[in-house]
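Each remark here refers to the structure printed beneath this line.
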Amino acid sequence: MTTIHELLAARAADARDSCFLRFADQDLTFGEVHDRVADLAAGLAALGVGRGDLVPLVMPNRAEFVTTWFALCRLGAVATFINTAMRGPSLAHAINLSDSDISVVDASLLPTLDAVRDDLVHLRRVVVVGDSVVGQSPDGPSGGFHHIAFDTVAQRTASEPATVSERDPAMIMFTSGTTGASKGCVLSHRYAVRQAEMMVQHLQFRADEVLYCPFPLFHLDAAVLTVMPALVLGATAAIGRQFSVSRFWPEVRAFGATVFDFMGATLTMLHKQAPAPDEGDNDVRLAWGVPVPDFADEFEARFGLRLVELYGSTDAGVPIYQPLDEPRRAGSCGRATASYDVRLFDEGGREVPVGAVGEIVIRPQEPSIMSQGYYGMPEATVAANRDLWFHSGDFARRDADGWFFFVGRRTEAIRRRGENISAFEVEEVVKLHPAVLDAAAYGVPSELTEDDVMVAVVARHGTTIEPAELIEFCRERMARHMLPRYVDQLPHLPRTPTEKVQKQSLIDRGVTASTWDRERPT
């Protein structure tokens, strides 16, 4: 086995002039990426970054995200991937978790950092990508932070890489909290490399592939399941700016993509587009993701490709794949691979019989292919891995042939258009509104598959909650994908004798005639 940096060095030697990273504005070869990483690592080391240090990355999709991540890997440091849509308390929590005094931030995101400046405990220095402003600027954007231009950091003379083990952490990637703050999964070099190797094996990727991903680099799909397979194969990773229905197929053609990934409602939105005469004019042969919709056969025929479903998570990696050499079974995400032991347990921790619904629990059959735990959250790590099994919080059933059929998630987690949303974090922001006494967030079914976010609110005595004004209040303080679509005003929230909100009761109530709808306000 090998580390990320050793793999990059090998590709720079045997495929130096082959395209590795493709963005809308540039292509970078393996050799170019390797050399940039070496110089950047030397510059970060000169700033005091070293083995074991955590450095938050706050960037949209751009080449500097990947080169900074790999430079930190070369130093034995750890990149903390920050969701660029985070705002308010969740952003401060994610950055503070690293205990770092330095971060690498895109210039366009400096205002979001400035908005939580008073809540950031350690951060003092910001390496700014795409901005020439340097030094202290207490009265300007991100006042109080010392700015360092990224380009000046990357102009150092490369030094030898640190000695790094394949089991050492390579990144921290956040997964949604369900009853608390988002958790940072500690992921090793071996996790990144082996997950990529398994993608190559089970989806039969080839060395001449162009693997296209329109999702953020701070997400597992782009970083570990697109960039890393390209690194393993010597293929090309094509990273789009963000998913757009109107821009999707033109970008696929422009990138020369042969494989793309999907999640959530993306296939539904593409399918609902009016047919275009050139929509079959693409080189795509395979698309992978979850869920594969009921109209899969029609989608495949229309766009001339094959859809493949799998099941995975940041915590566990990808333990379940649809076998490519067998016909698809409608509604199934596939069978567990030999690298994992996957079972379904009831609430008592006992395996359920064939056909029954149970929680997906997972154990690795090889070392370091799952998360090493949640950084700085030992209690959450123990709770998720009780009885020596990782408890996913997801539910499924399994047939007699070992095929899994995903059923749903725990009610505290909301899945909206490919993003896991922490109900706790939505509630935390809604409750900041001066007119809100109490609030509960949950998912309700969406016409685009998965869920839409709904929040039930209770007004403070003597006040009135205006739903449209509440949403605007939230828009300034939370990620866009977390923004509630529905607002339900209630005199009180249903609670258990132990004062826990009975969310299932709210979910069962659903959208009523009195519910305010952001997409169809009255």
All helices (runs of 4 or more DSSP H) inside the range 422-513 with 1 or more residues being more than 26 Å from Phe174 (Cα to Cα) and either touching a Cys at 6+ places or on another chain (Cβ under 9 Å) or outside the structural domain of Ala92 (by TED's automatic domain parsing) (or both): 467-475, 503-509
What are the residues in the range 22-37 that are modelled with pLDDT under 95 and farther than 19 Å from Leu211 by Cα, if any? none
Which residues, taken from the range 212-240, are touching a helix residue (DSSP H, G or I) at 6+ places or on another chain (Cβ under 8 Å) and not hydrophobic (A, V, I, L, M, F, W, C)? Tyr212, Pro214, Pro216, Pro229, Gly234, Thr236, Gly240
Single condition Glu160 does not satisfy, out of (1) among the charged types (D, E, K, R); (2) surrounded by fewer than 23 Cβ atoms within 10 Å (Cβ to Cβ); (3) touching a residue at least 12 places away in the same chain (Cβ under 8 Å): (3)
The listed residue being assigned to a helix (DSSP H, G or I), without any contact (Cβ under 8 Å) to a residue 40 or more places away in the chain and small (Gly, Ala, Ser), out of Ala223, Ala192, Ala196, Ala207: Ala196
Of the numbered conditions (1) closer than 24 Å to Phe395 by Cα; (2) touching a helix residue (DSSP H, G or I) at 6+ places or on another chain (Cβ under 6 Å), Met478 fails exactly one; give the number of that condition. (1)
Qualifying positions in the range 428-458 - surrounded by fewer than 19 Cβ atoms within 10 Å (Cβ to Cβ) and within 21 Å of the chain's Cα centre (by Cα): Ser446, Leu448, Thr449
May I ask you to list the residues in the range 308-326 that are within 26 Å of the chain's Cα centre (by Cα), surrounded by fewer than 21 Cβ atoms within 10 Å (Cβ to Cβ) and not polar (S, T, N, Q)? Pro323, Leu324
Please identify the pairs in which a residue from the range 398-421 that is farther than 20 Å from Asp221 by Cβ and part of a strand (DSSP E or B) has its Cβ atom under 7 Å from the Cβ atom of a residue that is β-branched (Val, Ile, Thr) and at pLDDT 95 or above, counting only partners at least 6 apart or on another chain. Arg398/Val354
One residue is enough: does the range 1-10 have a residue meeting the conditions part of a loop (DSSP other than H, G, I, E, B) and at pLDDT below 95? yes
From Arg285, Arg302, grab the single residue that is outside the structural domain of Ser392 (by TED's automatic domain parsing) and over 25 Å from the mean Cα position of the chain (by Cα). Arg302
Subset of the range 28-49 (residues that are closer than 15 Å to Val227 by Cβ and touching a residue at least 24 places away in the same chain (Cβ under 8 Å)): Leu28, Phe30, Val33, His34, Arg36, Val37
Scan the range 201-211 for residues that are more than 11 Å from Trp288 (Cβ to Cβ) and buried (at least 19 other Cβ atoms within 10 Å of the Cβ) and jot them down. Glu209, Val210
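The values are calculated or read from the model by the stated rules, or taken from the named source; none is laboratory data. All of these numbers come straight from a predicted model, not from anything done at the bench. Backbone-built Cβ (ideal geometry, glycine too); neighbour counts: all protein chains shown.
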